[in-house]
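The next block holds one structure in the form of structure tokens; read it before the comments.
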Amino acid sequence: MDEIKTKQSPQLELLAPAGSYEAFKAAVENGADAVYLGGKSFSARASAANFDLEELQKSVRYAHERQVKVYVTVNILIADQEFPELLDYLYALHEIGVDAVILQDVGVAELLHTVLPEIETHASTQMTVNTSWGVHHLEALGFSRVVLARETSAEAMKTIAEETSLDLEVFVHGALCIGYSGQCLMSSFIGGRSGNRGTCAQPCRMTYQLVNEEKENLLAPKNLGDHLLSPRDLNLAEELGELKQIGIRSLKVEGRMKRPEYVATVIRLYRQAIKRMEDQLEASTVNALLTPSEHQELLQVFNRDFTRGYFRENLGAELMSYSRPNNRGTRLGRVARLEPGRLSLKLEAALHPGDGIEFWTGRGREGVTVGSIWKDQLEVEEGLHGETVQIEFFGIAQPGDRVFKTNDALLMEKARESFQEGREQRKGPLNMQLSGHVGDKLCLEVMESGRRVMVYSTSPAQKALKRPLTWDYAFQQLGRLGTTPFWLDKLELAIEEGIMLPVSDLNEMRRLAVEELLKEVPRQRVDRQNYRQRIEKWKQRQAQERANLKGKVIPQISVAVSNVETLQAALKAGAKRVLVGGEHWRSRQSFSLEEIHSSFEICRKQGVDCVWRLPRILNQAQSASLWLDLKKAAGWERKPKLMISNLGELEMMRSVEADWPFEVDYSLNVFNEASLAYFLRLGAQKVTLSPELHHEQLAQLAKWPGVELLAFGDLEMMVSEYCPVGATLGGKKGEHCAGTCAKEPHYLRDRMRYDFPVETDQECRMHLFNVKILNLYEELVQIRRIGISTVRLQLTRQTPGQVRQIVRLFVEAWDAINEGKKPSWSSDEGITELTSLFPEGFTKGHFFRGVLL
């Protein structure tokens, strides 16, 4: 119990983003305890400037001299052909001395913990962990920290913190993804730019309409705005005390794509909020952590309006920034009147030359940079709240138009000054003691953050004839620390009275002491030869595991269905392997636990392989409900085989029964041999591969037995706690919603007039599907040729009639291919029949194009 109390009150770490060296310095100089940044490769913000190895080394040295940690992001899925480069890169990070790496790929995590356990690892939010079960799995894998999913509530955080010894990290400020990170394929399938590869094109910030089956724009009368997937920015500045009491270790600010001035401002303000929070906890008082003017600075530097996200409850429409997807700025005033070449503004806030302002007109928005400002025909240096001033303007605006300040010149200048080269202010205090006697060399002992160094004078001290060494003079000389990252806080003189030492000796002692302090702290290093030997052992183990798994493979068609009626249709069409369960859609009947039980019995009697497919996302409370269902299922006469969809489910299943037979679904992002081997090593009987793989990558993974490939069906592009139907039409907030989603089908129509189907599950999560059905019917021969034995038909949204036709077509073709017989009709005829079912057309996904590497 005492250990839990200690865990609940950690020293908070303020973790800052840096997409460039300037932003890195801005973070350090404004109070960050740690900085996370990416290299030129393997980073989830590939379009940021990022850091080459030389810059990384320079940054780590600068940070460590100021007691700041550096975490490097390796938070993408890694392709097999990239592993040689990755292994060199990881060793380079070890040599540089980074404090941790942030990982998404479970295969890379297992590899790193095997070949280079000396590097600390943090689990990225891209791993989609939001429960204590998932955290337990990562703890067993070797992680020291978990970045929780942004959707994790305060209540769930508290439960997780009480049940783990791992450090917990949460986002507290910045941009939000509307979907669960690591589960979003929208950018990937629309344009080949994968969020799992660091190249997300942010389609969630584009415009959409909510339409029904008749293609009617359901929100036109409401005039909400068209950015239906664009959330506000997160701001938990006033919740820091609660986060500390919950047991959160690290407060993460988003923004590796933001400019240095943004980083400087946000980190400065959060550092101030943390200091006030700690003072208030000590004094047992509760007040606002930021002043109104400081909150205004947070708004001014960048905002899409602010939200607390899912910290308390599902906010519905209050989570969203429907009217615009980019910086709103702050309210400046309104247009008073227009004159040729000039415009009058009635100000609600201060205005200065160099400020950027934006006019919100009935025709759109127009931005300008303010030059000169006039008041009553006189040029002034600023306009103040309540005043009416004039600026140069040659655009289009009308009296009454709202005006917003999108860039504050003075705030930007204040931020730039904080990290200006040569004016660094982030320095650590030194305590010094100078001791010795006449005739001896004097000893200077220097203490800094737990480190202690001792240096000696070049020559022995002498008896002073005129000017003995005084405390003031010693402090003056030893305190001349210039551009070093130190300042002299305390000096103790323990010397014989009347002693004298040349000033050159004092200066040299100071120089030697600083030099010793700046030396790298000794740490455990792995020499390159040892590292290579470890890699070879890892490769040999993996090759042996693959060889040991070789055996007879039975080609199969997997059919995923969502209710009893579609299960019966699949069985009548000849399905010999079915996946039951999954999400429970509000729009149709789904499997109950009793129906899953009876489905297994029906399949057993017919000799059909049946698997219970678990939901893709579960929060902490919902996990407890599933755990009870698993306990019941464990008592059935025959234990059902499970298909797990997240790491939490895997850990939960093993807690009920360690040897429960299971498979792995595609949502676990198996993208390479290392991750495939990881799950097979844990006992997975089959693994469904990532839908982002190219056919050449699939051929490499097909060398392992037990892989499954999505070959037909709805591609789920996004899963989100936010439901656009409930938020805009159903009054969704917290548990309340009118249930509009179940009344008729809904679609999100993009600017190209493509309609993306929206489904809502029983937990009110939105599942957004691709416009076109995935269809690899014509590629079945190639799929079998590269060695894949099991293909899946994902038919969880189809009618029984559609299921029957699709299954029959694929079973007949797959059987014929595997028996070496010619199908009873050509693939053209099959495609014709499939097209009649889905006239909107098909996609081949990434089978030929892959994602950007």
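Odds and ends about this structure:
- Of the strands (runs of 3 or more DSSP E) that lie entirely inside segment 205-271, not one contains 3 or more residues that are of a type in the set (A, V, I, L, M, F, W, C) and at pLDDT below 95.
- Enumeration of residues in segment 28-44 that are hydrophobic (A, V, I, L, M, F, W, C) and at pLDDT 95 or above: VAL28, ALA32, ALA34, VAL35, LEU37
- Complete set of residues in segment 8-34 that are assigned to a loop (DSSP other than H, G, I, E, B) and in contact with a Ser or Thr (Cβ under 7 Å, 6 or more places away or on another chain): ASN30
Condition check ((1) farther than 15 Å from ALA273 by Cβ; (2) open to solvent by 10 Å² or more (accessible area, probe 1.4 Å); (3) of a type in the set (A, V, I, L, M, F, W, C)) across all residues:
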| position | (1), (2), (3) |
| --- | --- |
| GLU297 | no, yes, no |
| ASN303 | yes, no, no |
| GLU318 | yes, yes, no |
| VAL335 | yes, no, yes |
| LEU338 | yes, yes, yes |
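- Output for segment 327-364, where each listed residue is farther than 24 Å from LEU411 by Cβ and either part of a loop (DSSP other than H, G, I, E, B) or of a type outside the set (A, V, I, L, M) (or both): ARG337, GLU339, PRO340, GLY341, ARG342, SER344, THR361, GLY362, ARG363, GLY364
- In segment 539-576, the residues that are surrounded by 24 or more Cβ atoms within 10 Å (Cβ to Cβ) and of a type in the set (Gly, Ala, Ser): SER558, ALA560, SER562, ALA569, ALA570, ALA575
- Candidate set from segment 272-295 (those that are among the polar types (S, T, N, Q), assigned to a helix (DSSP H, G or I) and over 27 Å from the mean Cα position of the chain (by Cα)); member that is surrounded by the fewest Cβ atoms within 10 Å (Cβ to Cβ): SER293
- Qualifying residue in segment 211-230 (condition: open to solvent by less than 70 Å² (accessible area, probe 1.4 Å) and within 27 Å of LEU281 (Cβ to Cβ)): no
- Scanning segment 465-489 for residues that are open to solvent by less than 20 Å² (accessible area, probe 1.4 Å) and farther than 25 Å from GLY422 by Cα yields a count of 1.
- Checking every residue in segment 743-758 against the condition of being surrounded by fewer than 17 Cβ atoms within 10 Å (Cβ to Cβ), at pLDDT below 90 and within 30 Å of LEU218 (Cβ to Cβ) gives at least one match.
- Test: LEU176 is closer than 16 Å to PHE769 by Cα, in contact with a strand residue (DSSP E or B) (Cβ under 7 Å, 6 or more places away or on another chain), in contact (Cβ under 8 Å) with a residue 12 or more places away in the chain and open to solvent by less than 20 Å² (accessible area, probe 1.4 Å): no
- Considering LYS252, LYS244, the condition of being in contact with a strand residue (DSSP E or B) (Cβ under 7 Å, 6 or more places away or on another chain) and within 22 Å of LYS158 (Cβ to Cβ) is satisfied by LYS252 alone.
- From the options ALA658, ALA677, residue that is small (Gly, Ala, Ser) and without any contact (Cβ under 8 Å) to a residue 60 or more places away in the chain: ALA658
- Single residue of segment 60-88 satisfying the filter (open to solvent by less than 10 Å² (accessible area, probe 1.4 Å) and farther than 30 Å from GLY450 by Cβ) that is nearest to the chain's Cα centre (by Cα): ILE76
- The listed residue being under 25 Å from PHE838 (Cβ atoms) and without any contact (Cβ under 8 Å) to a residue 24 or more places away in the chain, out of MET718, MET752: MET752
- Scanning segment 1-27 for residues that are modelled with pLDDT under 50 and closer than 19 Å to LEU251 by Cα yields THR6, LYS7, GLN8.
- Restricting segment 155-168 to residues that are part of a helix (DSSP H, G or I) and not hydrophobic (A, V, I, L, M, F, W, C), the residue that is surrounded by the fewest Cβ atoms within 10 Å (Cβ to Cβ) is GLU162.
- Counted residues, segment 179-201 - those being open to solvent by 20 Å² or more (accessible area, probe 1.4 Å), touching a helix residue (DSSP H, G or I) at 6+ places or on another chain (Cβ under 6 Å) and in a loop (DSSP other than H, G, I, E, B): 4
- Within segment 759-779, being under 34 Å from the mean Cα position of the chain (by Cα) and open to solvent by 50 Å² or more (accessible area, probe 1.4 Å) holds for GLN762, GLU763, LYS772.
- Highlighted here are the helices (runs of 4 or more DSSP H) found entirely within segment 622-732 that include at least 1 residues which are open to solvent by less than 10 Å² (accessible area, probe 1.4 Å) and more than 22 Å from ILE554 (Cα to Cα): 647-656, 673-681, 724-729.
- The residues in segment 380-413 that are free of Cβ contacts under 8 Å to residues at least 60 places away in the same chain and surrounded by fewer than 19 Cβ atoms within 10 Å (Cβ to Cβ) can be counted, and the count is 15.
- Just so you know, in segment 508-538 the residues that are closer than 30 Å to GLY479 by Cα and among the β-branched types (Val, Ile, Thr) include one that is surrounded by the fewest Cβ atoms within 10 Å (Cβ to Cβ), and it is VAL521.
- Long-range neighbours under 8 Å by Cβ, at least six apart or interchain, first residue of a type in the set (Asp, Glu) within segment 135-159, second surrounded by fewer than 19 Cβ atoms within 10 Å (Cβ to Cβ): GLU139/THR164; GLU139/SER165
- Going through (1) open to solvent by 10 Å² or more (accessible area, probe 1.4 Å); (2) within 23 Å of HIS295 (Cβ to Cβ) one by one, LEU236 falls short only on (1).
- Taking the conditions (1) farther than 30 Å from ASN212 by Cβ; (2) modelled with pLDDT of 95 or more in turn, PRO724 satisfies each one other than (1).
The values are calculated or read from the model by the stated rules, or taken from the named source; none is laboratory data. Remember, predicted model here, so these are calculated numbers, not experimental data. When we count neighbours, we look across all protein chains shown, and the Cβ atoms used for this are built from the backbone with ideal geometry, even at glycine. Surface accessibility is based on the protein's heavy atoms, side chains included, excluding ligands, DNA and RNA. Shrake-Rupley method; radii C 1.70, N 1.55, O 1.52, S 1.80 Å.
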